[in-house]
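Scroll down for the structure; my scribbles are underneath it.
No lab work stands behind these numbers, since they all come straight from the coordinates. All values derive from a computational prediction rather than experimental measurement. Backbone-built Cβ (ideal geometry, glycine too); neighbour counts: all protein chains shown.
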Amino acid sequence: MTPSAIRPWRPVGDREVRVGLAGLGSMGRNHLRVILSRPNSRLVAVADPVAETLDAAVASSGAQGFSEPLAMIAEADLDAVVIAAPTTAHVPLALGAIERGLAVLVEKPLAATVEDGLRIVDAGRARGVPVQVGHVERFNPAVLELGRLLHEGHWLSSIYAVASRPAGPFPARIRDVGVTVDLATHDADMLCWIAGERPTRVYAELAQRIHTSHEDLLFGLLHFPSGATGMLDVNWLTPAKRRQLTVVGEEGMFELDYITQRLTFTKSADTARPQLVAGYAPTFTGDVAELPVANAEPLAAEHDAFLRVVRVGGRPVVDGEDGLWAVAVANALLSAAAERHPIDLSDLSARLPVR
């Protein structure tokens, strides 16, 4: 079989996994480093239009170099492709890989629009090819521990609100989409995962301060069927990088820092015994516990999960449907801000695949 032959997808088993990497921007270089460190897999090919960047990657990895990612997908002998190209390139690259029976790990967002995301999801389903989306914080050990504790149900019997606050300096490399599609898709996915359901209504306010063509600030609200509320405070204007998540429920509050991988739980206070400030203005404070988290690199865990699917099959931890919903929520937030009223998502489930 020639490398460009179209073949059905099947797990590769115990043999070495042959990986191709499309895109060598800042995230692509992180993928390059991690791919080279994973056992029983080999970086066969890399692709990037910038000759100097491509030459450096080829020299450090020994992989075959391509200036055109579609040529790499068609010509290299691969089992899987990691797509770290700009968002607008995700559709042709993912469809090209799926057509050739190659498992796909595509960086978030899955696509810029719901329609484009559906093309990828539908193609993967039709050919039985696994598609994993790079919502890397799902593999953050603090997030995994939070999920485990929430699943136990002993800490919070119900969730009242989830708030996510990702912020940082402006990333000059991103020109094709704004902060909502590029960054808030992470948090839309996370809020849905924490709540265990999809939102039925969203509203947003946007601002464009320094980006030349797209919004760089988002305040978003999500309403979930259970009555839980989600809040997004996302921007590219904060001079220092921040990644924080808060989950509030009847019994207390979890606070999580994605960067430090610190997780705490503050127990709801005993309102029968208030603390007084200067003898008046009663306040109620709860005990804070720092929960143990074994630090690890989320991107390495993401690749390990992807390689496991390539080897033995099964559904990716973050699959195409998850990525598609994140794009749908992000686009609904953009519409809500543009139209200046909440957007009802109750009919969206009929259009989008469900697990």
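Quick rundown of the values:
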item: Rounded tilt (10° steps) of 26-37 against the dominant C-alpha axis of the chain; result: 70 degrees
item: Extension gain, His154 back to Asn30 (0.36 nm per residue minus Cα-Cα distance, nm); result: 40.9 nm
item: Neighbour-limited loop hits for trypsin sites (Lys or Arg not before Pro), region 1-95 (at most 16 other Cβ within 10 Å; DSSP other than H, G, I, E, B); result: Arg15
item: Distance between region 297-329 and region 178-221 - C-alpha centres, whole angstrom; result: 21 Å
item: Computed lengthening from Ala294 to Gln208, 0.36 nm per intervening residue step minus Cα-Cα distance; result: 27.1 nm
item: Candidates Ala59, Ala207, Ala142: whichever shows maximal mean-square fluctuation once the chain is modelled as a Gaussian network with Cα springs under 10 Å; result: Ala59
item: Rough spin-label spacing in nm, given labels placed 7 Å along Cα→Cβ, for Phe219 and Asp176; result: 3.1 nm
item: Given charges at beta-carbon only (K, R positive; D, E negative), |dipole| of the chain in Debye; result: 480 debye
item: Estimated vicinal HN-Hα couplings, Hz - region 320-333 in sequence order (Karplus 6.51, -1.76, 1.60; Gly, Pro = x); result: x, 5, 4, x, 5, 5, 4, 5, 4, 5, 4, 5, 5, 5
item: Furthest towards positive pole of dipole, Ala228, Ala47, Ala111, structure part the chain, Cβ charges; result: Ala47
item: Pairwise FRET efficiency - Ala240 versus Ser67, Cβ, R0 = 35 Å, nearest 0.05; result: 0.45
item: Amide hydrogen neighbours beyond the local backbone of Ser268, cut-off 5 Å, H modeled; result: Gly252, Met253
item: Cα→Cβ-extended label distance, 7 Å offset, between Ser268 and Asp347, nm; result: 3.8 nm
item: Estimated [θ] at 222 nm from DSSP helical runs (n ≥ 4, -39500 (n - 2.57)) normalised by residues in the chain, nearest 500; result: -10000 deg cm²/dmol
